[in-house]
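The values are calculated or read from the model by the stated rules, or taken from the named source; none is laboratory data. Treat the numbers as computed from the prediction; the structure is a model and nothing was measured. For neighbour counting, all protein chains shown are included, and Cβ atoms are generated from backbone atoms with ideal geometry for every residue, glycine included. Just the protein is used for accessible areas: all its heavy atoms, side chains included, with ligands, DNA and RNA removed. Shrake-Rupley method; radii C 1.70, N 1.55, O 1.52, S 1.80 Å.
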Amino acid sequence: MKVMKFGGTSVGSPQRIKNVATLISGKGKNMIVLSAMSGTTNSLIEISEAVKADDPQLACKLISSLEERYSGVIEELLTTQDARERTRTIVADFFNDIRHTISSPESPLLEKQIVARGEMISTNLMHAYLHECGVNSVLLPALDFMRTDEHGEPDLPYISKHLNQLLEENPEADMYITQGFICLDHEGNIHNLERGGSDYTASLIGAAIMAEEIEIWTDIDGMHNNDPRFVDGTKPVRNLHFEEAAELAYFGAKILHPTCILPAKINNIPVRLLNTMEPDAPGTLIDNNLRSACIKAVAAKDNITAIKIKSGRMLLAYGFLKKVFEIFEKYETAIDMITTSEVGVSVTVDNERNLDRIVEELHRFGTVTIDRNMTIICVVGDLEWQNRGFEAKALDALRDIPVRMISYGGSNYNISFLIKAEDKTRALRALSAEIFA
């Protein structure tokens, strides 16, 4: 069995729902994971914001507007009156649930309860269309098996037990459909997986059922070797190691969230990134096989702040770095890059929420310098230190671009450069010209 996940743009219109239905039909008894139709989640968040702002009139207006949009989707998607009426009733129930939810605006999980309806509606639409086409799909509600523990992490034993039980109860199905992103927390409240969304759901399901493969279908043909928004002529990377894919995802490749592939990696389940607009394109295969001695891709992470602590008196003192890192831990601020010398340590962060307090405490150890509006450029591949020449190629490509920091050796899979945000496009193009020409 495969897990096939489709994002919001892939099911963003009646025609696209039909295209996905054609794509998944006849492919075997697979598990289909769907996101909400594109635009729906934003509309539901807008509704919850109106409730929080104590504007029930606006909230009701937004609910009616979204419900009307889905009425048009149902009319275009389904052909028989019976199927339309049945689906309208189901969708109307979801919108009535939203109206009931907003009557208790004090709920701390209000937004999550409202937003969850997006995935519920999209899966019911797909289920209805497949049945009208004669496909015996079975809808398995994610809230019946997807749960997080008291730490907010997926409870994989629970997920595996309850999902496999549902599969055993429905052996006659041609395929199974479920919602991405949504789950229950350990107290039974509607929640969501937050990091990675529906991709994370697909990976967790794949691990729970030990799937043959996990397919992530989006609107681009795999992970490219550079950012096509800034660099012309980029190409899909055909094969990536899980570690390489995680580095690219963390450092800016938007097609995949870095967390979501971990369950697949641990359980050695291949992940394939595919394009619903070009279903015959090979996409990108991610697995535990390392294709050695080559650079695979370049990615960029924006909105980075660099912090330099200069203290010749304390740097070499026992415990100095520990004290510095404890400040970042205290304010729950993750560090992306770090470099040290005999007189200073430089780090980067992508979250300035507690920056003022962090800097105030760091002043105890020396002079603190801040550089804002920076970008991390990450070069990813098999970069074992014995592989000669790769770091030189990357450095040579950036010979005309000022580099604030370089991180090399912390991972076997990347070299990272910190540059000014204004130099980002030039750097990405220079690296492509030098490495992939």
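Values computed for the structure shown
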{"read-out": "Hits in the range 276-298 - residues which are over 26 Å from Leu418 (Cβ atoms), open to solvent by less than 10 Å² (accessible area, probe 1.4 Å) and of a type outside the set (Gly, Ala, Ser)", "value": "Thr284, Ile286"}
{"read-out": "Count of residues meeting criterion [touching a residue at least 24 places away in the same chain (Cβ under 8 Å), under 23 Å from Asp382 (Cα atoms) and not in a helix (DSSP H, G or I)] in the range 420-437", "value": "1"}
{"read-out": "The range 332-353, residues that are closer than 17 Å to Ile304 by Cβ and open to solvent by 20 Å² or more (accessible area, probe 1.4 Å)", "value": "Ala334, Ile335, Asp336, Ile338, Thr339, Asp350, Asn351, Glu352, Arg353"}
{"read-out": "Criterion (buried (at least 21 other Cβ atoms within 10 Å of the Cβ), modelled with pLDDT under 95 and out of contact with any Ser or Thr (no Cβ under 8 Å at 6 or more places or on another chain)) met by exactly one of Val115, Val51", "value": "Val51"}
{"read-out": "Criterion: open to solvent by 10 Å² or more (accessible area, probe 1.4 Å) and touching a residue at least 60 places away in the same chain (Cβ under 8 Å) - qualifying residue of Ile376, Ile406", "value": "Ile406"}
{"read-out": "Residue match in the range 317-340 (condition: at pLDDT 85 or above, within 20 Å of Ile376 (Cα to Cα) and among the basic types (Lys, Arg))", "value": "no"}
{"read-out": "Test result for Glu384, open to solvent by 10 Å² or more (accessible area, probe 1.4 Å), of a type outside the set (A, V, I, L, M) and not in a loop (DSSP other than H, G, I, E, B)", "value": "no"}
{"read-out": "Those residues of the range 243-254 which are open to solvent by less than 30 Å² (accessible area, probe 1.4 Å) and touching a strand residue (DSSP E or B) at 6+ places or on another chain (Cβ under 6 Å), in sequence order", "value": "Glu244, Ala245, Leu248, Phe251, Gly252, Ala253"}
{"read-out": "Check on Pro236, over 16 Å from Ala299 (Cα atoms) and surrounded by fewer than 21 Cβ atoms within 10 Å (Cβ to Cβ)", "value": "no"}
{"read-out": "Candidate set: the range 127-160, residues that are open to solvent by 60 Å² or more (accessible area, probe 1.4 Å) and in contact (Cβ under 8 Å) with a residue 12 or more places away in the chain; chosen: the one farthest from Lys29 (Cα to Cα)", "value": "Glu150"}
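Results for (1) more than 30 Å from Ile255 (Cβ to Cβ); (2) not aliphatic (A, V, I, L, M), shown as yes or no for each residue.
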| site | (1), (2) |
| --- | --- |
| Val11 | no, no |
| Ser38 | no, yes |
| Ser48 | no, yes |
| Val51 | yes, no |
| Gln57 | yes, yes |
| Leu77 | no, no |
| Arg86 | yes, yes |
| Arg99 | yes, yes |
